[in-house]
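Written below as structure tokens is the structure these notes are about.
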Amino acid sequence: MEAKLKKLLSQAKEEVKEIKDSQILADLKNKYLGRKGDLAVLLKDIKNVATEERPVIGQIANEVKKELTHIFNKLEHSINQDGASDLDFDPTMPGVKREIGHLHPNTRVQAEIEKAFAQMGFVVFDGPELESEYYNFTALNIPEDHPARDTQDTFWLEDNNVLRTHTSNLQVRMLEKYGAPFRGIFPGRAFRNESTDASHDHTFYQLEGLLVDKNINIGHLIAVMKSLLSTVFQAEVTVRLRPGFFPFVEPGFEMDIKCLVCEGLGCPVCKQSGWVELMPCGLVHPKVLENGGVNSQEYSGFAFGLGLTRLVMMKYKINDIRLLQSGDLRFLRQF
Ligand code: FA5
């Protein structure tokens with residue numbers, strides 16, 4: 001009898017080892033400890049044990065029952081707590097590191113720039129990606145049939161709206177809404193119907209800046225640009241300013257950055273020139289101010305259109321723009 005009781009206990013211990021499911025555990029508990037369970041059946045035989053041995057066997061039976069009850073209660077508790085048994089818990093095992101995502105490099109750089117501009121009193125605005133021909137072109141002093149429209153390969157929609165070709169679409173919208181003085185930046189996606197290569201994508205990010213106030217001049221523009229670049233790169237970078245034509249600024253400039261992918265030696269990103277076109281800019285054309293309802297005799301301003309995706313490429317030395325939106329985790333995990 002004693003041997004049978006001990007066997008029952010060790011068999012039960014063996015059976016509960018792998019159990020993670022509360023229903024299976026309940027069934028097993030019933031099998032061993034239920035009214036008609038294995039222990040109860042075994043104890044019916046106690047009447048056949050010699051009278052003098054009964055107290056000893058009775059005590060062993062009580063201990064087996066107590067131990068079985070303890071094992072089942074403990075397992076029930078741990079399964080109910082986290083759905084898993086903690087009988088095998090090994091505190092010396094290394095922890096499980098869960099993989100969590102992180103910000104896209106584009107988002108990270110955008111956040112840095114937004115912070116830097118907020119400190120200079122600029123407000124961050126969002127705007128429509130699907131835009132009317134008026135705000136994308138006409139309001140910016142680019143009338144219908146003006147050749148400047150051809151410089152931005154456009155996705156035209158059937159209703160004569162466009163996928164905005166630049167974030168400059170917000171210039172007149174913002175002036176109409178907030179008037180002067182105004183300080184704002186408008187980060188967001190722009191779309192061009194052009195063939196892609198190492199430095200051109202059909203969908204990319206720009207970050208527009210617009211400041212309108214009294215007596216604004218090129219000196220203000222250059223100071224803000226320098227502050228922006230030192231925030232992003234945290235180091236000296238070489239830039240050059242050259243004349244550039246955009247109908248909505250006068251005078252207009254192109255700010256190029258010495259290619260950081262090849263250190264100016266020439267590569268596909270800079271088209272072997274050593275320089276990357278980064279940020280066209282200039283003083284806001286009086287017509288644009290007037291279109292926004294701002295008196296151009298009283299106010300002047302500057303605007304710039306930073307190629308945010310290109311800036312990210314320079315910062316992280318990315319040699320193909322298409323990698324950024326490829327969704328390739330092998331690429332993204334590097335940041
Ligand atoms: C413009 O889009 C003007 N709206 C910029 C501007 C704003 C001028 C305010 C003056 C005042 P542009 O087409 O050059 O200009 O584009 C600006 C920047 O966007 C480029 O210097 C480049 O960095 C980036 N860019 C342009 N096309 C692409 C493209 N297909 N892929 C990636 N980046 C691009």
Please state which of the following conditions S195 fails to meet, knowing it meets all the rest: (1) among the hydroxyl-bearing types (S, T, Y); (2) in contact with a Leu (Cβ under 8 Å, 6 or more places away or on another chain); (3) at pLDDT below 95.
-> (2)
Would you tally the residues in segment 216-269 being acidic (D, E) and touching a strand residue (DSSP E or B) at 6+ places or on another chain (Cβ under 7 Å)?
-> 3
Do we find that G282 is closer than 21 Å to I113 by Cα, outside any loop (DSSP other than H, G, I, E, B), small (G, A, S) and more than 8 Å from the ligand (Cβ to nearest atom) in this structure?
-> no
In a helix (DSSP H, G or I), among the charged types (D, E, K, R) and at pLDDT below 90 - does that describe any residue in segment 109-118?
-> no
Answer yes or no: is there a residue in segment 240-256 that is exposed (fewer than 15 other Cβ atoms within 10 Å of the Cβ), in a loop (DSSP other than H, G, I, E, B) and within 14 Å of the ligand (Cβ to nearest atom).
-> yes
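Considering every residue within segment 138-150, establish whether at least one is part of a helix (DSSP H, G or I), surrounded by 20 or more Cβ atoms within 10 Å (Cβ to Cβ) and under 24 Å from the mean Cα position of the chain (by Cα). Break it down stepwise before answering.
Keep residues of segment 138-150 that are part of a helix (DSSP H, G or I), which gives 138-140, 147-150.
Now drop any that are not surrounded by 20 or more Cβ atoms within 10 Å (Cβ to Cβ), which leaves 139-140.
Pick out the ones that are also under 24 Å from the mean Cα position of the chain (by Cα) and you get none.
No: zero hits.
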Does segment 212-227 contain at least one residue that is part of a strand (DSSP E or B) and either more than 13 Å from the ligand (Cβ to nearest atom) or surrounded by 13 or more Cβ atoms within 10 Å (Cβ to Cβ) (or both)?
-> yes
Can you run down the residue pairs with Cβ atoms below 8 Å, 6 or more apart or on separate chains, where the first is in segment 195-217 and in contact (Cβ under 8 Å) with a residue 12 or more places away in the chain and basic (K, R) and the partner is more than 8 Å from the ligand (Cβ to nearest atom) and outside any loop (DSSP other than H, G, I, E, B)?
-> K214/S300
Show the residue pairs that are 6+ apart or on different chains and have beta-carbon atoms under 6 Å apart, the first residue being within segment 74-89 and charged (D, E, K, R), the second being modelled with pLDDT of 65 or more.
-> D86/S78
Among the residues of segment 56-66, is there at least one that is within 59 Å of the chain's Cα centre (by Cα) and touching a residue at least 24 places away in the same chain (Cβ under 8 Å)?
-> yes
Which condition number in (1) more than 20 Å from Y205 (Cα to Cα); (2) surrounded by 15 or more Cβ atoms within 10 Å (Cβ to Cβ); (3) charged (D, E, K, R) is the one that E129 fails?
-> (1)
Taking D145 as meeting all but one of (1) modelled with pLDDT under 95; (2) closer than 19 Å to G307 by Cα, write down the number of the exception.
-> (2)
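Being outside any loop (DSSP other than H, G, I, E, B) and more than 12 Å from the ligand (Cβ to nearest atom) is the filter here, so list the residues in segment 257-279 that pass it.
K258
Output the residue which, of all residues in segment 287-317 that are surrounded by fewer than 22 Cβ atoms within 10 Å (Cβ to Cβ) and under 21 Å from the mean Cα position of the chain (by Cα), is nearest to the ligand (Cβ to nearest atom).
Looking at the filtered set, the residue picked out is K315.
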Among what's in segment 164-211 and is more than 9 Å from the ligand (Cβ to nearest atom) and assigned to a loop (DSSP other than H, G, I, E, B), pick the residue that is nearest to F117 (Cα to Cα).
-> P181
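The values are calculated or read from the model by the stated rules, or taken from the named source; none is laboratory data. Just so it is clear, the structure is predicted and the values come from calculations on it, not from any experiment. When we count neighbours, we look across all protein chains shown, and the Cβ atoms used for this are built from the backbone with ideal geometry, even at glycine.
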